Structure formats: C-alpha cells, structure tokens
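As structure tokens, the structure follows; a few thoughts come after it.
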Amino acid sequence: MGADTNPGRPRQKGYTPKPETLALLKVSGNSINGQGETAPRQASPFFWHPPDKHPYGELQNVARQSSRRCPGSAAAFQAAYSYPELSNVAQNRSEASAEQHTAEVETFALSHEADALGIARLDPLWVFEGYTIKEPWVIVLALAHNYEKLRQVPSDETNGEGVTDVGEQYARGTRASYALANWIRSQGYEANPFPGPGASALLLIPPAIASGLGELGKHGSLISRQFGAGVRLAGVTTDMPLIPTRPDRFGADEFCQTCQVCTNSCPPGAIVEHKQMIRGVERWYVDFDKCIPYFAENASCGICIATCPWTRPTARPKMLETMARRLKLEPKVYSEA
C-alpha cells in the first residue's frame with residue numbers, strides 16, 4: 001500500500017500560478033471556509049455558487065473556460081447543467097411505511113443511474129448560509145468514475161478523458177437526482193434535487209459521510225468503501241418518511257494519517273499532513289488558496305482522487321482487509337460497479 005504504480009498522465013512539478021490568476025484570488029478562501037474557527041456555523045456560499053454569492057466569479061469563469069477546451073468536456077458539462085423539469089407533487093400521498101418507502105427509494109435510485117445511496121436526517125449545518133431547506137431528509141446518490149479515464153487527469157487540449165469523465169458523472173448525477181425527485185413527487189411527497197457541479201443550498205459530503213457512503217480523505221474528498229475517492233455526489237431532499245442508513249467506518253481516516261500519496265502528488269502543495277479546525281470541527285482540509293489557481297489553469301484537476309490508493313480497484317480489496325484486521329472492524333464485501 002503506497003505510491004500509485006499506475007499514475008496515468010505526467011504530473012506537473014514546481015508549479016507556480018500565473019500572476020493574472022493570482023490577481024483574481026481577491027480574498028482568501030480559507031477564511032471564508034472557516035479555517036481556524038472553533039465555533040460551529042453554516043458554511044458560507046463558495047466557489048461553485050452563483051458569482052454574486054462569492055468573490056471568485058472571474059476566477060470561476062477561467063476555470064470553466066479552461067475545462068471546456070478539452071475534447072468532449074463541453075458536451076459532458078452541458079449535460080450536467082441540463083436540468084429536467086420537476087413534476088408537480090401528486091395530490092394522493094403514498095401511505096406505505098418508512099421501511100417500504102426506503103426500499104422503494106433504493107430500488108428506484110439504483111435502477112436510474114445511481115451506483116450507491118445513503119439516507120440521513122438533515123442537519124441544519126449542512127445548509128449553506130443564506131439558503132433554506134425545509135425537507136427533513138437527505139438522500140445522497142453516489143456516481144462512480146471510470147477509473148481508467150479518471151487517471152488521465154489533469155486533461156488538456158489533446159486528451160480530455162479525465163475531465164470529460166468528471167462531467168459525465170456530474171451529468172449522471174443530474175439525471176439521477178431529478179429522476180428520483182420526480183418519482184418521490186409522484187408518491188405525493190415534496191422532493192428537491194441538488195446535483196453538481198454547480199453548488200446550491202446543500203453541502204453533499206457531510207450527509208454522504210453521515211449516511212454511510214464513505215469517510216473524509218486527506219484530500220478533502222469522500223473515500224468510498226466501494227469506489228475509493230473516484231466518486232461524485234448528488235442529493236435529494238424530501239419529506240417522505242424514510243429510515244436513515246448508518247455511517248461506515250472502514251479505516252480510510254486512519255490510513256490517511258500516514259499515507260503521503262495525495263500530498264506528494266499535489267502540484268501546488270495544497271494538501272497538508274494534519275487535520276485542521278474548520279468551523280468548529282477538526283478534520284482534513286485542503287488549502288483553497290493553493291488548490292484553486294492550479295485547478296483554474298489546468299482544466300480542473302482531480303490528481304489527488306485519481307492517485308489515492310483507495311481509488312485503485314486492484315488495491316482496494318486488500319486495503320479493506322488490512323484495515324479491518326488492524327482496527328478489528330467487521331469486513332464488508334461489495335462487488336465492483
């Protein structure tokens with residue numbers, strides 16, 4: 001367990017942001033994210049929110065234009081932002097039990113492009129400041145990357161497979177979340193979709209962790225037992241009575257404490273060795289001010305999740321066994337998507 005022996009595209013070393021890029025980083029994103037704050041609070045609207053919600057609108061445009069220059073990526077992201085219509089909530093409400101609703105939601109989601117899902121009761125801290133969510137339940141959908149495409153990040157004008165796969169998974173998330181929301185509405189309950197890559201009211205990683213879809217990695221992304229860090233998320237909030245799924249500890253957090261792969265692979269050096277206090281929670285955190293200039297200049301990134309040992313399909317089963325034995329955890333077995 002260690003360095004990625006199948007690294008894909010060459011990594012840029014000794015990266016220095018362009019002066020014109022740094023000029024667009026007008027305010028420290030770490031301060032907005034609550035770095036060093038000891039009191040819990042809602043997250044502030046940030047980079048992928050509408051430009052009038054944060055100070056990075058121009059930098060956001062640079063990042064979008066950069067990623068769209070890659071072959072195939074423009075169509076993929078256009079599909080991600082092509083939101084279907086939401087149907088009206090049916091007047092006749094399903095009287096099935098919470099257990100039945102939960103089983104039906106899972107069956108529907110997994111047959112409509114989602115690769116996994118979790119369910120959690122909404123925590124107000126998962127709602128961005130200035131937004132409101134009334135529904136008490138969050139359903140988080142996981143969309144797994146194609147590993148062979150993902151490992152080609154960062155993409156460029158000659159090879160767009162990595163960033164295109166990112167767009168394709170976001171597009172699947174859009175379709176899957178809207179399909180599930182419309183199905184729930186057909187059962188007489190309120191439901192609202194929250195797909196990426198554009199951000200809205202709902203944080204997705206915290207409910208994903210709470211609902212058992214994975215653990216937070218040193219690279220700031222979710223690590224899934226099934227898919228490693230090669231996974232995107234979409235959400236649906238609803239007032240349909242449901243049964244929550246349980247958090248899943250399988251050793252990713254402990255592994256990250258000694259693993260150096262993503263730290264060493266990150267060209268701008270944005271991934272640090274220790275957890276930090278972020279809005280009252282000690283957790284892994286990526287330096288925004290170092291990460292986002294590279295992201296904007298290099299057609300997005302994803303190096304950290306592509307090189308993460310948990311993402312390699314051939315390595316993950318052995319890692320799960322090793323961590324389960326080391327931490328005396330109950331092993332679980334999933335088939336690959």
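Readers should treat all values here as calculations from the given coordinates under stated rules, not as data from a laboratory. Just so it is clear, the model here is predicted, and its values are computed rather than measured. Here the Cβ is made from the backbone with ideal geometry for all residues, glycine too, and neighbour counts use every protein chain on show.
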**Report entry** Alpha-carbon centroids, the range 68-136 and the range 145-161: separation in whole Å
**Finding:** 27 Å
Requested in this report: Mind listing the long-range amide H neighbours of LEU202? Cut-off is under 5 Å, sequence gap 5 or more, other chains count too, H placed in the peptide plane at 1.01 Å from N.
Outcome: PHE128
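Could you list SER224, SER87 in order of exposure, starting from the residue whose Cβ has the fewest other Cβ atoms within 10 Å? Intermediate values should be presented prior to the final figure.
Values: SER224 28, SER87 14.
Least to most surrounded, the residues fall as SER87, SER224.
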Report summary line: Of ALA324, ALA210, ALA229, the most mobile residue in a GNM of the chain (C-alpha springs, cutoff 10 Å) is ALA324
Query raised in the report: Using only helices, what value at 222 nm comes out for the chain when you add -39,500 (n - 2.57) per DSSP H run of length 4 or more and divide by the total residues, to the nearest 500 deg cm²/dmol?
Result: -10000 deg cm²/dmol
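Can you tell me, using C-alpha contacts under 8 Å and at least 6 residues apart, the relative contact order of the chain as a whole percent?
Numbers: 713 pairs, mean separation 87.4, N = 337.
Relative contact order for the chain comes out at 26 percent.
How long are the semi-axes of the equivalent ellipsoid of the range 11-87, defined as square roots of 5 times the Cα gyration tensor eigenvalues? Whole Å, largest first. Intermediate results must be reported in sequence, preceding the final value.
On the way: eigenvalues 133, 101, 28 Å².
Rounded to whole Å, the semi-axes are 26, 22, 12.
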Query raised in the report: Looking at the range 37-180 from every direction and averaging, what is the projected area of its Cα convex hull in nm²?
Result: 11.6 nm²
Requested in this report: Residues in the range 200-243, backbone N under 11 Å from the label point at ARG249 (7 Å along the Cα-to-beta-carbon vector): list them, ranges by number please.
Outcome: none
Query raised in the report: Taking a ≥ b ≥ c as the square roots of the eigenvalues of the Cα gyration tensor of the range 19-327, is the shape rounded (a/c under 1.5), prolate (a/b larger than b/c) or oblate?
Result: rounded
Report task. Please determine, in degrees from 0 to 90 and to the nearest 10, the orientation of helix 98-110 with respect to the longest principal axis defined by the Cα atoms of the chain, where the helix direction is its Cα long axis. Result -> 50 degrees
Report summary line: Counting sequence-distant residues (5 or more places) and residues on other chains, those with an amide H built under 5 Å from that of VAL231 are HIS145
Query raised in the report: ³J(HN,Hα) across the range 53-65 via Karplus (A = 6.51, B = -1.76, C = 1.60, θ = phi - 60°), whole Hz, x for Gly/Pro?
Result: 9, 7, x, 10, x, 5, 5, 4, 5, 4, 5, 5, 5
Query raised in the report: How high is the relative contact order of the range 169-301, in percent, counting Cα pairs under 8 Å that sit 6 or more residues apart?
Result: 22 percent
**Report entry** Cβ-Cβ FRET estimate between GLN42 and LYS275, R0 fixed at 22 Å, reported to 0.05
**Finding:** 0.60
Query raised in the report: If pairing requires two Cys Cβ atoms under 4.7 Å apart, which cysteines of the chain are left without a partner?
Result: CYS70, CYS256, CYS259, CYS266, CYS291, CYS301, CYS308
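For THR263, THR174, what's the fewest-to-most ordering of other Cβ within 10 Å of each Cβ? Could the numbers behind the result be given before it?
Numbers: THR263 16, THR174 24.
Ordered from fewest to most neighbouring Cβ atoms within 10 Å, THR263, THR174 come out as THR263, THR174.
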Query raised in the report: Amide H of PHE46: which non-local residues (sequence gap of 5 or more, or other chain) have their own amide H closer than 5 Å, using H built in the peptide plane?
Result: none
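For the range 86-175, what does the relative contact order come out to in percent, with C-alpha contacts under 8 Å and a separation of six or more?
Numbers: 74 pairs, mean separation 21.1, N = 90.
Once divided by the residue count of the range 86-175, the mean separation gives 23 percent.
Only counting other Cβ atoms within 10 Å, I'd like LEU110, LEU233 sorted with the fewest neighbours first.
On the way: LEU110 14, LEU233 27.
Ascending number of Cβ neighbours within 10 Å: LEU110, LEU233.
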